[in-house]
1. Let a ≥ b ≥ c be the square roots of the eigenvalues of the Cα gyration tensor of region 159-258; is it rounded (a/c under 1.5), or, if not, prolate (a/b larger than b/c) or oblate?
2. Subtract the Cα-Cα distance of Thr234 and Arg93 from 0.36 nm times their separation in residues, and report this length gain in nm to one decimal.
3. D for region 61-202, whole µm²/s, Stokes-Einstein with Kirkwood Rh over alpha-carbon pairs at 4 °C and 1.567 mPa s: what number?
4. Between His188 and Arg150, what is the label-point separation in nm under the 7 Å Cα-to-beta-carbon projection?
5. Could you grab the Rg to Rh ratio for region 107-159? Cα atoms only, Kirkwood for Rh.
6. Kindly identify region 132-206 as rounded, prolate or oblate by the Cα gyration tensor criterion: order the square roots of the eigenvalues as a ≥ b ≥ c, call it rounded if a/c is under 1.5, otherwise compare a/b with b/c, prolate if a/b is larger, else oblate.
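Read-outs: derived from the displayed coordinates by stated rules, not from any lab. These figures come from a predicted structure and were not determined experimentally. Glycine gets a Cβ as well: all are built from the backbone with ideal geometry, and neighbour counts include every protein chain shown.
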Amino acid sequence: MTRYHSKHDSRPGSDSRPDSDSQTANDSQPGLEFGERFSTLGSRTKPFAQHAPATGGGDTHELEFSTGTTIVGIRATDGVVMAADQRMSLGGRFTANKDVRKISAVHPTAAMAISGSVGPAQEVIRRLRAEASLYESRRGEPMSLPALARTAGALVRGLPVAPLLCGVDETGGHVYELDGGGSVVEDHYAAGGSGMQVAYGVLEGRLEDDPAPELETATDAAVAAVEAASERDTASGDGVTTATITADGVTVDQRRAS
C-alpha cells in the first residue's frame with residue numbers, strides 16, 4: 001500500500017493553461033486507451049477539434065472516443081472510496097497492459113479515476129495537479145473541492161475522457177462525474193466506463209439501504225462492482241486498484257485478480 005500526495009507530484013508555479021500549438025494530430029487518432037469505442041461528443045469549442053474530421057455542418061466536429069474500463073467512486077461516512085480495473089487495451093481489441101493504475105492523486109485530499117484515451121487522460125491529471133499546486137503556492141491554502149471540480153470540468157471539456165473526481169473537505173466526502181461536454185455532477189456514488197451498467201447494478205444492490213456506508217463497507221462494494229463488471233465487460237479486468245481518501249490524504253492500493 002502506498003500513500004500519494006499531490007505535493008510530491010505537482011510542479012509548483014507551473015503554468016497549466018492549454019496551449020493549442022503544443023497539441024498534435026495524434027491526440028485524435030486510435031491508440032492506447034482504457035476500453036472500447038463507446039460514444040461520441042459534438043462541440044464547437046474543443047481543444048482537439050482542429051484534429052477531428054469535419055462533419056459537414058458549420059464548424060461543429062464530432063470526436064469518437066473510448067470510455068472503456070470500469071471506475072467507481074463511493075462517498076462514505078468518513079471519506080471516499082474509489083476503485084478501478086487495471087486493463088489497458090489497444091482499440092479495445094488487444095490488451096496492451098495488465099497492470100495500469102487508473103487512480104491518481106491530484107490534490108492533498110482528492111484523486112481522479114480515468115477512463116478514455118490514455119494520452120489525454122494523463123494530460124488532464126498533469127494539468128489539474130499543476131493548477132492545484134499553483135493555487136496553493138499563490139494563496140497559501142489548498143484549492144477547495146468545488147473549485148477543483150470546476151477546474152477539472154474545464155480541462156476535460158472536449159477531450160476523449162470521462163473521469164471521476166473524488167475528495168474530502170471540511171463538509172465530508174464528494175464524488176463528481178465529469179465528461180467531455182464539460183459537465184460536473186455530484187452524487188453519493190458513481191460509476192463510469194464501458195462496465196458502468198454492471199457496476200451500477202452492484203452498487204445499487206449493496207448501497208440502496210445504506211447510502212452512507214463505513215469505509216470498509218464502501219471498499220467492499222466498490223471492489224465487488226469492478227469485479228462484476230470485469231466478468232462481463234471485455235474492456236475491464238486484470239485486478240482492481242482501490243483508493244481511500246480521508247482528511248489525512250490519499251492512499252492507493254493495487255491488488256491482483258483472485
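1. rounded
2. Working: separation 141, 0.36 × 141 = 50.76 nm, distance 0.89 nm.
Value of the extension gain: 49.9 nm.
3. Details: Rh = 15.2 Å.
Diffusion coefficient, whole number: 85 µm²/s.
4. According to this spin-label approximation, the distance is 2.7 nm.
5. On the way: Rg = 11.1 Å, Rh = 11.5 Å.
Radius of gyration relative to Kirkwood radius: 0.97.
6. Values: a/c = 3.34, a/b = 1.56, b/c = 2.14.
It comes out oblate by the Cα gyration axes.
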